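The next block holds one structure in the form of structure tokens; read it before the comments.
The values are calculated or read from the model by the stated rules, or taken from the named source; none is laboratory data. Owing to the predicted nature of the structure, the values given are computational and were not obtained by experimental measurement. As a convention, Cβ positions derive from the backbone with ideal geometry for all residues, glycine included, and neighbour counts pool all protein chains shown. Each accessible area value is taken on the protein alone, full model and side chains, heavy atoms only, with ligands, DNA and RNA left out. Shrake-Rupley method; radii C 1.70, N 1.55, O 1.52, S 1.80 Å.
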Amino acid sequence: MKVIILAAGQGTRLRPLTDHQPKCMVEIGHKSIIDRQIEVMKACGIKEEDIYIVGGYRSDVLAEHFRDTGIRIIHNQEYETTNMVCSLMCARSQIESSDDVLVSYGDIVYSEVVLNEILRSGKAISVTVDDGWYGYWSARMENPLEDAETLVIDREGCLEEIGQKTDDISRIQAQYIGLMRFRNTGVADLLKYCALAEKKSADGERLWRTERPYRKMYMTDLLQGMIDEGVRLSAVHIDRGWFEVDCAEDLKVAEKCAKIC
């Protein structure tokens, strides 16, 4: 298994904590987000030499932090003008050389229980979804529906829709957390539809259900595009056990419950 951690963003909503370091280096309870992730991965049997971090903003800080480890830093030189999918494709050569790829956002913290759930999945493409999302979103913001996005699961346990804005809570059966796995044909599909998105965007075509061009695509844009192309994405269900740190309020919520991870 290769692990790709996407950590190129600037984390502007966490300033001044990110004035001189990337978002993933922000600490929760005296331990950084990225160090918490690495600890959980190692505890679940993942080796340092199989972990790649795609950095961008202040990736020099990451390089220094992991200098004496087996973890490698890949620099997205265009981090200021690109988004998640382009960051992922900075690790294209590592993805192409593996038939099992775990992709994690760099601003989330999760427990061993959460990671083990997706490691146990035998599906070609697995996407972790949180069934207990509503209470967490309510703790983070006054109106959870302002930020939550659609996630609809069919009777076979596969995603029908993801990442769309809605005011209909019935279309939010769970929430995507930013942790997914691609195995065998799933790796091939990931590479295929990234390439297709890049070509469609270069040709001036709309990318499935988003107005964003390839360089600005979110991972949920790509996942929705794959769904629309007939690719099966299996939901891996969890009930909490993770946190996202995108702003100061998120950090406060995570610090209150830091012991879970």
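What is the chain's relative contact order, in percent, from Cα pairs under 8 angstrom and six or more apart in sequence?
Once divided by the residue count of the chain, the mean separation gives 25 percent.
In Å, what Rg and Dmax follow from the Cα atoms of the range 55-132?
Every Cα atom of the range 55-132 included, Rg and Dmax give 14.5, 38 Å.
Under unit Cβ charges (Lys, Arg +1; Asp, Glu -1), what dipole magnitude, rounded to 20 debye, does the chain have relative to its Cα centre?
380 debye
Whose amide H sits under 5 Å from the amide H of Thr166, counting only residues 5 or more places off or on another chain, with H placed in the peptide plane?
Result for Thr166 returns Thr150.
Pairs to check: Lys165/Lys192; Lys23/Lys192; Lys42/Lys256; Lys42/Lys252. Give those whose C-alpha atoms are more than 28 Å from each other in this structure.
Among Lys165/Lys192; Lys23/Lys192; Lys42/Lys256; Lys42/Lys252, the Cα-Cα distance tops 28 Å for Lys23/Lys192.
Suppose the Debye formula is applied to equal point scatterers at every Cα of the range 113-261; what is log10 I(q)/I(0) at q = 0.08, 0.18 Å⁻¹?
-0.24, -1.13
Taking the solvent-accessible surface of protein heavy atoms with a 1.4 Å probe, what is the per residue accessible area of the chain in Å²?
With all protein chains present, the chain gives 45 Å² per residue.
I'd like the distance separating the alpha-carbon centroids of the range 170-187 and the range 16-63, in whole Å.
Going from one Cα centre to the other spans 22 Å.
Tell me the carbon and sulfur percent of the accessible area for the chain, rounded to whole percent, probe radius 1.4 Å.
C and S atoms contribute 45 percent here.
Starting from the amide H of Arg58, placed 1.01 Å from N in the peptide plane, find each other amide H under 5 Å away whose residue is 5 or more places distant or on another chain.
Distant-sequence amide H within range of Arg58: zero hits.
Along each of the three principal axes of the Cα atoms of the chain, give the extent in whole Å, ordering the values from largest to smallest.
43, 40, 35
What's the long-distance tail for the range 1-42, i.e. % of Cα pairs beyond 13 Å?
Roughly 55 percent, once rounded to a whole number.
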